[in-house]
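K.L.:
Mind having a look at this structure? Questions to follow.
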Number of protein chains: 2
Amino acid sequence: MRLKTLVALLSLTVILLTACKSNKQQDAMITANNTALFPKGNKLTNGYFTGDAFLKPLLAKDVNNGFAMGSVTFEPGARTNWHIHPKGQVLVVTEGQGWYQEKGKPARVIKKGDVINIPENLEHWHGASSESMMSHIAITNYKGEENVVWLKPVTGDEYTAVNK
Amino acid sequence: MRLKTLVALLSLTVILLTACKSNKQQDAMITANNTALFPKGNKLTNGYFTGDAFLKPLLAKDVNNGFAMGSVTFEPGARTNWHIHPKGQVLVVTEGQGWYQEKGKPARVIKKGDVINIPENLEHWHGASSESMMSHIAITNYKGEENVVWLKPVTGDEYTAVNK
């Protein structure tokens, strides 16, 4: 091998490895910054959800806060039953994309960063889309000791129609 | 240049460029997933903050929700004045790292994923650390029409002592 060729080979290696290293550093920085906002919590097994949904409780009602707060994570396809909140609920979508549907209205896409103010006594459901997971903070106001009334499941037909 | 050398040179180039490309794709994927939860909003110019702090309002008090909700972003070094909430406040840290300090107690590190339940009428401040930005959702309960009473600024000396 001639010296000129050897120098070219070494130069190329150094240039390409430097580029790769710079990419890797950037990558690591972004990954470190991209951890989920909350742990996933425990799988919901109360019978009011379809598919795999998880709850991480964040705050219980107390003397100042007239609401409970938790982070709910829905795997693709997972959703709540139809239900109502006697004093309404606020959702803050923190990851992914899903659906929010009020009875008799078209479903609405909800995604990371959206805030949904759900009125009192309005039948509705929320959950992931069939293709994406979705996490939201739920801030659920109490009317006396009650903050939710569960109704029937969102059927496969209802869910499929929304995801078409 | 001998054929063998040329082949070695070309092989090395292909291998290194492939590795770089793979890194770049991963990088782009992670970046797409790492957008901020909320827009930064507008710079706070009400005189109750030191340094650069921004507010994105998310929800106003209404018939069901006895609180206002907003996302506050503090650049490194930025913080609130000392203040109290007549009916308390809940903070949800959504990005970065900062401080929460109650009057007469040591400051506490707060970071992404932390939930802080601030009691009523307790003098305190919160903000970024000197080295990191910090964003939090603030859920501020109302007592009648009032949800905050602003007090004096956190001095440079107070802030420096905390960041030592």
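K.L.:
Taking θ = phi - 60°, what integer Hz values does the Karplus form 6.51 cos²θ - 1.76 cosθ + 1.60 yield along the range B:113-122, in sequence order, with x for Gly and Pro?
P.N.:
In residue order, the calculated couplings are x, 7, 10, 10, 9, 8, x, 5, 6, 10 Hz.
K.L.:
In addition: Quick one: what does P(r) look like for the range B:42-162 with 10 Å bins over all Cα pairs, in whole %?
P.N.:
P(r) for the range B:42-162, in whole percents per bin: 15, 49, 32, 4, 0.
K.L.:
I've got another one for you. Please list the non-local residues whose amide H lies under 5 Å from the amide H of residue A:82, H modeled 1.01 Å from N, same-chain partners needing a gap of 5 or more.
P.N.:
Those lying under 5 Å, H to H, from residue A:82 are A:151, A:152, A:154.
K.L.:
Residue by residue, what Karplus-based ³J(HN,Hα) values in Hz, rounded to whole numbers, does the range A:70-86 have, using 6.51, -1.76 and 1.60 with θ = phi - 60° and x for Gly and Pro?
P.N.:
With coefficients 6.51, -1.76 and 1.60, one gets x, 9, 10, 10, 10, 6, x, x, 7, 7, 6, 5, 4, 6, 10, 10, x Hz.
K.L.:
How many angstrom lie between the Cα centre of the range A:108-150 and the Cα centre of the range B:89-104?
P.N.:
So the two Cα centres are separated by 26 Å.
K.L.:
Skipping prolines and chain starts, which residues have an amide H placed within reach, meaning under 5 Å, of the one on residue B:130, given they are 5 or more residues away or on another chain?
P.N.:
B:77
K.L.:
When only Cα pairs under 8 Å and 6 or more residues apart are kept, what is the percent relative contact order across the range A:42-162?
P.N.:
Details: 316 pairs, mean separation 39.0, N = 121.
Answer for the range A:42-162 is 32 percent.
Coordinate-derived values only; no laboratory data. The model shown is predicted, which means the values in this text are computed figures rather than measured ones.
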